[in-house]
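J.: Before anything else, here's the structure in question.
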Ligand code: HEM
């Protein structure tokens, strides 16, 4: 018996909707993951079990939860099991190369320095970056950290000159004046102080001052909104991403849009004022914003970057340059607190080269021991713990064939601790390993990578090192310090590597 026309029509409509959806789901949830898994399996690469929807996330989350509830015994630097517990466990169980899953997204973990060199240097163009979560997108727009392809090439060309060492030299004054301002609130007597928050505030001040110069006050407004966006980004990690949700006016989205608007309105105001005053002032100014605008201006006077793109880069400077440097300084102070002999050595070096005056860029360049010490701090406590890249097409890394659209995880911390590159004392503190320079510190020239390397190396590397040396030198000139008995050694990954319970120290003014 033939079905009535309406019923046939309804069935036809329904099947034309549901069959493509079912096919898509089959491909995303079953076909593609099985094909990728089998490609790796054939090459002898395994990994944790994959759940249809959450992939390996459940095990990952529960390992992370377990880890953050346990501080580390003593002051051991063997922190991988706490800050990257899943990678630590899986690399022990499945070998140094393994495949795991974030939902339906395959992730291939690589700690082999030769493969990493291929990825970041020789085959750099074959990789792209993943789509970020909405809060990170609101934070960084298409700024350098997230930009890809031609956009990245153009932005990097414009931004590089602003971070040139000669330009940075002119910024030490601004950095020093922010540091003096922080130190003026410290004490003349012995006192306990939580320094991690102070250093975060300081690095925020420094980036606002060096990025926006005279527009510092408006710049701080931008960063206050950005701080809130960062907190929202942190809170939304691990959320299951529902396509299209970012466009709905949910409570969280409305708050996100409001903050983004506040940050961008302020930036628009700063940039437009610069454009208006440029003719009279004879240029856009010598802060990071001014230099970036200058190098974006072509011979015909037109800007190669749009207003929105300049705003994205300003937001990126703050995001990429503030917490990272604060964490470098925090871990540096932690290490100097537990190795008082190194504190004495560095203070001596600073006093010999700079006396009690404010160090300038040339003096900072001569602080060899301080430089080695900061390198060892970055090796043991790298502020950026891991990087991600995505294969833009099928390719080979070493002997491993990797399909298109596989995300590669590069856990910097694990590379920094491999005995094969750093010897049996890989987890021990020994700045002298850097006495022959960076590339000779480990047994592989690329085993040290706190700022990444290759074309996408951190653009703010020299800025951060100069800031690190300057702030540390100015603290050492004035104070000696040790850990407060209340300190709990609990390194913690929250975007960057920070101390979970802050860094309380006992400060004592030095009289030399
Ligand atoms: C100790 C401090 C810092 C550390 C450890 C650090 C580390 C890194 C790392 C590992 C990357 C590569 C990320 C990736 O490719 O996935 C990176 C990129 C970047 N960093 Fe830094 N960074 C620091 C300070 C700064 C500062 C002070 C600034 C700017 C003021 C900055 C701006 C950037 C930018 C714009 C990128 C993207 C570069 C590109 O993709 O072309 N960083 N940083």
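A short reminder: the numbers here are calculations on the coordinates, not readings from a lab. Here the structure is a predicted model, which means the values were calculated and not measured. Heads up, the Cβs are rebuilt from the backbone with ideal geometry, glycines too, and the neighbour counts pull from every protein chain shown.
J.: Quick check on packing: order 22-32, 485-495 by the mean number of other C-beta atoms within 10 Å, highest mean leading.
T.: 485-495, 22-32
J.: Relative to the longest principal axis of the C-alpha atoms of the chain, give the angle of the C-alpha long axis of helix 216-236, reported between 0 and 90° and rounded to the nearest 10°.
T.: 40 degrees
J.: Here is a further query. In whole Å, largest first, what are the principal axis extents of the Cα atoms in segment 425-501?
T.: Extents along the principal axes: 41, 27, 27 Å.
J.: Would you calculate a helix-derived [θ] at 222 nm for the chain, using -39,500 (n - 2.57) for each DSSP H run of n ≥ 4 and dividing by the full residue count, to the nearest 500?
T.: Per the formula, -16500 deg cm²/dmol.
J.: Would you mind computing Rg(Cα) / (2.2 N^0.38 Å) for the chain, counting N as its residues?
T.: Relative to the rule-of-thumb radius for its length, the chain sits at 1.06.
J.: How are the Cα pair distances of segment 1-45 distributed, in percent, across 10 Å bins from 0?
T.: Distribution as computed: 24, 26, 21, 16, 10, 4 percent.
J.: Could you state the per residue volume, in Å³, of the convex hull enclosing the Cα atoms of segment 369-512?
T.: Value for segment 369-512: 141 Å³ per residue.
J.: Packing-wise, with mean Cβ within 10 Å as the measure, how do 391-401, 374-384, 82-92 rank, highest first?
T.: 374-384, 82-92, 391-401
J.: Next question, about the same structure. For the chain, find the longest principal axis of its Cα atoms and tell me its angle to the long axis of helix 307-321, 0 to 90°, nearest 10.
T.: 60 degrees
J.: Using alpha carbons only, how many degrees (0 to 90, rounded to 10) separate the axis of helix 32-42 from the longest principal axis of the chain?
T.: The angle comes out at about 70 degrees.
J.: Work out, step by step, the length gained on full extension between residue 231 and residue 351: first 0.36 nm times the residue separation, then minus their alpha carbon distance; give nm to one decimal.
T.: Taking 0.36 nm per residue and subtracting the Cα distance, the gain is 39.2 nm.
J.: Send over the semi-axes of segment 349-393's equivalent ellipsoid, whole angstrom and largest first, taken as the square roots of 5 times the C-alpha gyration tensor eigenvalues.
T.: So the three semi-axes of segment 349-393 are 35, 12, 8 Å.
J.: Could you let me know the centre-to-centre spacing of segment 360-389 and segment 275-320, using Cα atoms, in angstrom?
T.: 29 Å
J.: Mind listing P(r) for segment 237-356? All alpha-carbon pairs, 5 Å bins, whole percents.
T.: 2, 8, 11, 13, 11, 10, 10, 11, 11, 8, 4, 1, 0
J.: A further question follows. Any chance you could run the full-extension gain for residue 157 through residue 58? It's 0.36 nm times the residue separation minus the Cα-Cα distance, nm to one decimal.
T.: Between residue 157 and residue 58, full extension yields 31.5 nm more.
J.: Turning to a different aspect of this structure: Segment 124-180: Rg/Rh from Cα coordinates, Kirkwood Rh?
T.: Radius of gyration relative to Kirkwood radius: 1.13.
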